[in-house]
Amino acid sequence: MKYRADIDGLRAVAVLAVVGFHARVPWLTGGFAGVDVFFVISGFLIAGVVAERQVRGDFSLGWFWERRVRRIFPALMAVLTATTALAAWLLLPRDFSQYAQSMGAALVSLSNVWFWDHSGYFGGDDQIRPLLHTWSLAVEEQFYLVFPLLMLLTARFAAGRARTVLGLLAVASLAFGVWQTGKHAEAAFYLPFSRAWELLAGVLLALWKPVIPWPAVRHGAGVVGLALIAIACLVFTKNTPWPGVAALVPVLGAVLVIAGEGGIAGRLLATRPMVWIGLLSYSLYLWHWPLLTFQRFLMPGAWPTTITVLAAIGLSALSLRFVERPFRGSAFLTRRQVFAASAGAILILGAVAGVIHLARGFPQRFDARSLAMADSRLERSRGSYRDGTCFISYRFDARDYRKDLCDTADPKKADWLLVGDSHAAHLWSGLAAANPDVNVMQVTSSGCQITLTRGPAERDVCDRMAKLVYGDLLIQRRPDGVLLAGRWWPKDLPRVAETLDWFKAHDIPVVLVGPIPQYSDDLTRLLILSWRFNDPGLPARRRLDWPETVDGDLRKLAAAKGVPYVSLYDLLCDARDCAMLVDPETPLQWDYGHLTPEGSRLVAGRMRERGLFPRGPAPAPSPGSR
């Protein structure tokens, strides 16, 4: 298959989009679409090579997998080795143990499955997972295992119909991906079944080999393709359902750019700077995320992110020169030696990962106070939300909601309904414990503020949960009152106002609960780092400003609507600082903002002390009672 410089340029577009997104370039809100462009390119190049060899009659699985190992493993092993050394220095025991698990999964091409299995509200913080980006590499590696076998099977049992078979598979994968994105977004994002169509789009392009004889059409195809990729990168956001129908935009864009060979877009992509970045793209993709992760973890704001990105580019250039090219083009290693060397590297790094995991992340690296803090955060928080029953996180569906457990009235108590997203769910355990005289019912769902109308970025399940609340519970069963809570953003104020008006119109008591203080990173880690580096002001510097502004705006809105308002800032903050600890070893929040069970009880206790939790009317006495 002939070399095309414009495809290396397209690789540059893809990797720069991804790196820019991860570096939080404000206008690259959809830069993650660069991964989808990579998938199309990989499918196109691999299918072209396989089909060409099949025509010549010299294709073999050993040859194909040797080429893939030479291309992928050397740079990956170098990055894993360096990242492990940094992780040993920085990561908390639980994080280091999870890192080791993810490294083991990356070594056997299953990191996408591992990250899917550890995703969701209680899976951990993605921003401190240095190998998170290897999920896409795993998808490609799984494709490299399956695709050549599929080509051999179609050649034997469906000769001449490869495009038809692969086209049907692509359509089925696309349909499944669209369905899966609406039902189980994280599975759709990470797993290969909903991603295969993107690779197969490149495969079908390579097998079809379209030739556009008209220069104007070639120019137009390339320009439109680049425009579609730009639209995806500049318009889409992390809240865009992905990879659903929206993923068609960058995929079609990549297909048009590749099909428009020789056009003006191809000439632009084939310029020397673009080709150079494209040649670095694999190593740059591998290096940039661990470096950005460790910078944000250790020294946020110590230097511009641009410096970190430039460092990643420098390491990528060294990797290309001294790691990728020598191994890829070496004539001194036979195929057997290549496989043996790769297996040896996997066994060595796998053994390192196993030791780290068995040693529970080597807690000896930290002092007793830090270890007590680290142990108090996530695991004890999981059950307090009632995840999968009264709190419908991303892993669950509205059908999993348990009416019998979550919103059943209690004739002996006042019934108050807690409604909202995870920032409502984290209040439930504390409210229930601090108010034994109140039946605190719960309808909550991650990413769903459950206002009267759905937010623009909310999931389909949010509509069903809202209908449950506003069309069933509050009309047919009518509790004594409602606590409406959430992670409110400035854009939410009009919907909150509309919802408060609905409550007033239906004469249902409602209390609006404002946003909680939030941080740019896991509060537990910030506290431990502040102790480790003797920097007590670190957590306060990492506290976000905008939630406090929203708190003030919601306070004014509630006053204008005549609705009681609970300011969590008033409960947790004074003129000097905000509470971050429940006791010397227990953080108030286990991540950027969600309360620990102890934190929930502290907040609920302060609400009760200040008379902010409404009791509602006393229940009527039962017949015969005195």
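Below, the figures for the structure above:
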| quantity | calculated |
| --- | --- |
| Phe327 vs. criteria crowded, with 17+ Cβ neighbours inside 10 Å and either outside the structural domain of Ser109 (by TED's automatic domain parsing) or closer than 18 Å to Met103 by Cα (or both) | no |
| Cβ pairs under 6 Å, 6+ apart, first in segment 526-540 and outside the structural domain of Pro93 (by TED's automatic domain parsing) and more than 21 Å from Gln364 (Cβ to Cβ), second surrounded by 12 or more Cβ atoms within 10 Å (Cβ to Cβ) and among the basic types (Lys, Arg) | Leu526/Arg542 |
| Residue that is more than 25 Å from the chain's Cα centre (by Cα), more than 29 Å from Arg129 (Cβ to Cβ) and not assigned by TED's automatic domain parsing to the domain that holds Asp95, where the choices are Ala575, Ala579 | Ala575 |
| Residue that is surrounded by the fewest Cβ atoms within 10 Å (Cβ to Cβ), among those in segment 543-572 that are within 30 Å of the chain's Cα centre (by Cα) and of a type in the set (Val, Ile, Thr) | Thr549 |
| Residue that is modelled with the lowest pLDDT [pool: residues in segment 432-464 that are among the aliphatic types (A, V, I, L, M) and in a loop (DSSP other than H, G, I, E, B)] | Ala457 |
| Residue match in segment 565-585 (condition: part of a loop (DSSP other than H, G, I, E, B) and touching a strand residue (DSSP E or B) at 6+ places or on another chain (Cβ under 6 Å)) | no |
| Residue satisfying condition, being in a loop (DSSP other than H, G, I, E, B) and farther than 30 Å from Thr84 by Cβ, within set Val211, Val203 | Val211 |
| Selection status of Arg24, surrounded by fewer than 18 Cβ atoms within 10 Å (Cβ to Cβ), under 25 Å from the mean Cα position of the chain (by Cα) and of a type outside the set (A, V, I, L, M) | yes |
| Qualifying residue in segment 142-164 (condition: closer than 24 Å to Gly104 by Cβ and under 21 Å from the mean Cα position of the chain (by Cα)) | yes |
| Scan of segment 142-155 for residues that are under 15 Å from Asn112 (Cα atoms) and surrounded by 22 or more Cβ atoms within 10 Å (Cβ to Cβ), ordered by number | Phe143 |
| Residue check for Val171: farther than 16 Å from Leu256 by Cα and within 31 Å of the chain's Cα centre (by Cα) | yes |
| Given (1) among the β-branched types (Val, Ile, Thr); (2) part of a helix (DSSP H, G or I); (3) under 23 Å from the mean Cα position of the chain (by Cα); (4) surrounded by fewer than 24 Cβ atoms within 10 Å (Cβ to Cβ), index of the condition Val49 fails | (3) |
| Lone qualifier among Phe339, Phe391 - being modelled with pLDDT under 95 and assigned by TED's automatic domain parsing to the domain that holds Arg532 | Phe391 |
| Unique match (being farther than 14 Å from Val40 by Cβ and in contact with a Phe, Trp or Tyr (Cβ under 9 Å, 6 or more places away or on another chain)) among Thr164, Thr154, Thr181, Thr237 | Thr181 |
| Unmet criterion (only one of (1) in contact with a Leu (Cβ under 8 Å, 6 or more places away or on another chain); (2) outside any helix (DSSP H, G or I)) for Ser530 | (2) |
| Filter pass, Arg532 being over 30 Å from Arg369 (Cβ atoms), surrounded by fewer than 20 Cβ atoms within 10 Å (Cβ to Cβ) and either touching a strand residue (DSSP E or B) at 6+ places or on another chain (Cβ under 7 Å) or of a type in the set (D, E, K, R) (or both) | no |
| Close pairs from segment 25-45: first under 16 Å from Ile7 (Cα atoms) and in contact (Cβ under 8 Å) with a residue 12 or more places away in the chain, partner among the polar types (S, T, N, Q) and in a helix (DSSP H, G or I), Cβ under 9 Å, at least 6 apart | Val35/Ser136; Phe38/Ser136; Phe38/Ser281; Phe39/Ser136 |
| Only listed residue being within 20 Å of the chain's Cα centre (by Cα) and either assigned to a helix (DSSP H, G or I) or hydroxyl-bearing (Ser, Thr, Tyr) (or both), chosen from Phe44, Phe73, Phe115, Phe64 | Phe115 |
| Residue list for segment 237-295, filter: part of a loop (DSSP other than H, G, I, E, B) and closer than 30 Å to Asp95 by Cβ | Thr237, Lys238, Asn239, Thr240, Pro241, Trp242, Pro243 |
| Matching entry among Val469, Val511 (being under 18 Å from Asp407 (Cα atoms), among the β-branched types (Val, Ile, Thr), in the same structural domain as Cys573 (by TED's automatic domain parsing) and not in a helix (DSSP H, G or I)) | Val511 |
| Close pairs (9 angstrom Cβ cut-off, 6 or more residues apart or separate chains): under 11 Å from Phe327 (Cβ atoms) in segment 64-76, modelled with pLDDT under 90 and not in a helix (DSSP H, G or I) anywhere | Arg70/Ser330; Arg70/Leu333 |
| Candidates Gly220, Gly177, filtered to the one that is out of contact with any helix residue (DSSP H, G or I) (no Cβ under 8 Å at 6 or more places or on another chain), more than 16 Å from Arg11 (Cα to Cα) and at pLDDT 90 or above | Gly220 |
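The values are calculated or read from the model by the stated rules, or taken from the named source; none is laboratory data. These figures come from a predicted structure and were not determined experimentally. Here Cβ is always computed from backbone atoms with ideal geometry, including for glycine, and neighbour counts include all displayed protein chains.
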